[in-house]
Amino acid sequence: MRTKCVVFTMQGKPMQIISICGEDDSSRSRCILQLNEDELNKMFMDEKIKDRVVSVISVAGAFRKGKSFLLDFFLRYMYAKYVHNNLSEKDWLGDENAPLKGFSWRGGSQRDTTGILIWSDIFLYDNPNGEKVAIILMDTQGTFDCDSTMKDCANVFALSTMISSVQIFNIQSNIQKDDLQHLQLFTEYARIAMENTGKKPFQKLQFLIRDWFHRDEAPFGALGGKQLLEQTLIRKDKRPEENEQLCENVKSSFNEIDCYLMPQPGYGIEEPDFRGCLKDLRGEFKEHLRDFIPLILAPENLIIKEINGEKLKIDHLLTYIRLYFESFNS
Ligand code: GDP
Ligand code: MG
């Protein structure tokens, strides 16, 4: 059976809000972070959005692991749901033959996203309870590519964690000890930059495991993710003793932690002419996109950004971004 589908026009574009510039002096090379304050001001101070509370969804993790690729499917959901409001009639995942557009994604080994980007269209949702929400999608520089020092990686991850209400930590194959170590380091940077209020500093951490191959251990999806999380992070009797402190640190940083196990997209992605068309992706991968994305983006699952327990309006978000940014660049 052919599914009815639609290609939604996207007016927006990726906007670099924080960039990393290399600087070489004779003794060492270091990177400087730059904040694109004018653009942010223009976007956030728009009359239609400035009084809304805000939900910020960020995707972070190593580079070339499909973060931007995934975000482009997020965009298809966002336009279908929040702009065209016709999620139920059509297949929001889109046309089988439509190239995947939005945040720039690609194969190869060179990074093409540096720093932090947001989608220039900010999506609006009016909750029946009266709350007016603005939703921002955020893409980050891949951590641990060869051009960046550990400190820059930590800064970008920390900043995106501080700004977002949901941080999706995109990792390949499994949760390894070094993923937890990086997470601990990054959140430590962020903690230092924030006031210590005794509350957990961050809201939701969503592990997203790409190319999950151990189906004998846990099934794809949210249920398998829960099982993996139990084993690696939660249950003391199951997790390795050496990870004890690490796990406690990560757990104490976030209000909520979830995990989702994604199947591999199929071998079509390795073809030189692959443009991200659905027809070239495995059915199983598409099914899990349809399942996973609403878990993050459906109205009932949106998480509003809070600072010290207070819901944040978008005009205040700008003040916070500026403050955080200064604390990193000082
Ligand atoms: P980013 O650097 O993390 O933003 O990665 P990109 O989104 O630019 O994608 C890098 C490459 O990974 C592209 O060639 C995609 O086709 C491919 N890719 C996307 N999703 C997946 C996935 O789930 N598994 C694998 N193995 N590759 C993927
Ligand atoms: Mg990218």
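Within region 296-319, the only residue that satisfies the criterion of being open to solvent by 70 Å² or more (accessible area, probe 1.4 Å) and either of a type in the set (A, V, I, L, M, F, W, C) or closer than 17 Å to ARG191 by Cα (or both) is ASN308. All of (1) modelled with pLDDT of 95 or more; (2) within 10 Å of ligand 2 (Cβ to nearest atom) hold for ALA134 with one exception: (2).
Could you pull out the residue among SER148, SER109 that is open to solvent by 30 Å² or more (accessible area, probe 1.4 Å) and either in a loop (DSSP other than H, G, I, E, B) or modelled with pLDDT under 85 (or both)? So that I can check it myself, show each step before the final result.
Details: SER148 fails: open to solvent by 30 Å² or more (accessible area, probe 1.4 Å).
The match here is SER109.
Mind checking whether some residue in region 199-211 is open to solvent by 60 Å² or more (accessible area, probe 1.4 Å), more than 20 Å from TYR260 (Cβ to Cβ) and not in a helix (DSSP H, G or I)?
Going through region 199-211, the residues open to solvent by 60 Å² or more (accessible area, probe 1.4 Å) turn out to be 199-200.
Going one step further and asking which of them are more than 20 Å from TYR260 (Cβ to Cβ), we end up with 199-200.
So of that shortlist, the ones also not in a helix (DSSP H, G or I) come out as 199-200.
Yes, there is a match, as at least one residue in region 199-211 is open to solvent by 60 Å² or more (accessible area, probe 1.4 Å), more than 20 Å from TYR260 (Cβ to Cβ) and not in a helix (DSSP H, G or I).
Taking the conditions exactly as written (modelled with pLDDT of 90 or more, within 16 Å of ligand 1 (Cβ to nearest atom) and of a type outside the set (Asp, Glu)), does ARG64 satisfy them or not? No, not satisfied. Summed over region 278-329, the residues that are more than 20 Å from PHE123 (Cα to Cα) and of a type in the set (Asp, Glu) give a count of 6. Only residues that are hydroxyl-bearing (Ser, Thr, Tyr) and assigned to a loop (DSSP other than H, G, I, E, B) were counted in region 47-93, giving 1.
Residue-by-condition table, conditions (1) under 21 Å from GLN206 (Cβ atoms); (2) surrounded by fewer than 15 Cβ atoms within 10 Å (Cβ to Cβ):
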site	(1), (2)
GLU230	yes, yes
LYS236	no, yes
PRO263	yes, no
GLU271	no, yes
ARG275	no, yes
LEU289	yes, no
PHE292	yes, no
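Taking region 159-178 as the range and being in a helix (DSSP H, G or I) and at pLDDT 85 or above as the test, the residues that pass are LEU159, SER160, THR161, MET162, ILE163. Output the residues belonging to region 64-93 that are open to solvent by less than 10 Å² (accessible area, probe 1.4 Å) and among the hydrophobic types (A, V, I, L, M, F, W, C). Those that are open to solvent by less than 10 Å² (accessible area, probe 1.4 Å) and among the hydrophobic types (A, V, I, L, M, F, W, C): LEU70, LEU71, PHE73, PHE74, LEU75, MET78, ALA80, LEU93. Restricting the search to helices (runs of 4 or more DSSP H) fully inside region 239-329 and requiring at least 2 residues that are among the charged types (D, E, K, R) and within 19 Å of the chain's Cα centre (by Cα) gives 283-297. Applying the criterion of being out of contact with any strand residue (DSSP E or B) (no Cβ under 8 Å at 6 or more places or on another chain) and touching a residue at least 24 places away in the same chain (Cβ under 8 Å) to the residues of region 298-329, the residue that is farthest from VAL156 (Cα to Cα) is ALA298.
Of everything in region 16-50 that is more than 15 Å from ASP315 (Cα to Cα) and acidic (Asp, Glu), the residue that is modelled with the highest pLDDT is GLU23. Within region 206-219, residues that are within 15 Å of ligand 1 (Cβ to nearest atom) have Cβ atoms under 6 Å from residues that are hydroxyl-bearing (Ser, Thr, Tyr) in these pairs: LEU208/TYR260; ASP211/SER173, counting only partners at least 6 apart in sequence or on another chain.
If the requirement is being within 16 Å of ligand 2 (Cβ to nearest atom) and not hydroxyl-bearing (Ser, Thr, Tyr), which of these qualifies: GLY266, GLY276?
Working: GLY266 fails: within 16 Å of ligand 2 (Cβ to nearest atom).
Residue meeting the stated conditions: GLY276.
The values are calculated or read from the model by the stated rules, or taken from the named source; none is laboratory data. The structure displayed is predicted, hence computed values, not measured ones. Backbone-built Cβ (ideal geometry, glycine too); neighbour counts: all protein chains shown. We work out accessible area using only protein heavy atoms, side chains counted, and drop any ligands, DNA or RNA first. Shrake-Rupley method; radii C 1.70, N 1.55, O 1.52, S 1.80 Å.
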